[in-house]
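First comes the structure, then the notes that go with it.
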Amino acid sequence: MRRGQTLRPEGSLNDRLAGVIGSGFGSGYFPIAPGTVGSLVGIVIHLILVRLGLIGPNAALTWLAVLAAVFAAGVAASRRCEMIWGNDDKKIVVDEIWGMMISLFLVPVSVTFIVVGFFVFRFLDIVKPPPARQLERVEGGWGVMLDDGMSGVYTCLVLHVMKLLIN
């Protein structure tokens, strides 16, 4: 496929799978603020994994494994989607999903922490404080993921400071 062309149902299985993962199960096609919608998908995935008992305060290693798997899938999908849709296309939101999941790492599962985490992450993802802006320039799908990962780390730190101040 040529650069800038959209994924089609008749594309290869790899193209279709990359499109599903890269677009955050289609949330990247939302016409307004697809990154924000992708971040909400990250929260939903986080809550499902917590509910299933796969991640949480007593399952930090499993949580890290999930984050690593999402990162690996996100890098591969982003690289392929960029070849098809163009450089860091707005439809690619797997990075927001991953960043939001990092934001909530070992944070209490409460409406307050999730809402604050969501707004802090979205703000930092837009502003891209150093080194997030520099990480965005890394090629091959890595940059797509790494800048949001950095915003997620910053958000996670803010939430953990908040947790310390509340307790």
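Using Cβ contacts closer than 10 Å as the measure, can you line up D88, D125 from fewest to most?
Taking fewest neighbouring Cβ atoms as first place, the list is D88, D125.
Remind me, relative contact order of the range 27-167 in percent, using alpha carbon pairs under 8 angstrom and six or more residues apart?
Answer for the range 27-167 is 29 percent.
What residues have an amide H closer than 5 Å to that of G24, excluding those fewer than 5 places away on the same chain, when H is modeled at 1.01 Å from N in the peptide plane?
V93, V94
Would you tally the net charge around A73, using a Cβ to Cβ cut-off of less than 12 Å, leaving A73 out, and scoring K and R as +1, D and E as -1?
Within the 12 Å Cβ shell, the charges total +1.
If I model a spin label at L106 and L165 as a point 7 Å from the Cα along the Cα→Cβ vector, what separation in nanometres do I get?
2.0
Could you tell me the calculated FRET efficiency between A72 and R133, based on Cβ-Cβ distance and R0 = 25 angstrom, to the nearest 0.05?
Given R0 = 25 Å and the Cβ-Cβ separation, E is 0.60.
How do T62, T112 line up, fewest other C-beta atoms within 10 Å first?
The order, fewest Cβ neighbours first, is T112, T62.
Please report L49, L146, L157 as a ranked list, fewest other C-beta atoms within 10 angstrom at the top and most at the bottom.
Listing L49, L146, L157 from fewest to most nearby Cβ atoms yields L157, L49, L146.
Loop only by DSSP, 14 or fewer other Cβ within 10 Å of the Cβ. Give me the trypsin sites (Lys or Arg not before Pro) in the range 96-153 that pass, ordered by residue number.
The qualifying sites are R137.
None of the figures in this text is laboratory data; all of them are computed from the coordinates on show. Only a predicted model underlies this, so the values are computations on that prediction, with no experimental measurement involved. Because the Cβ atoms are built from the backbone with ideal geometry, glycine has one as well, and the counts that use them run over all protein chains shown.
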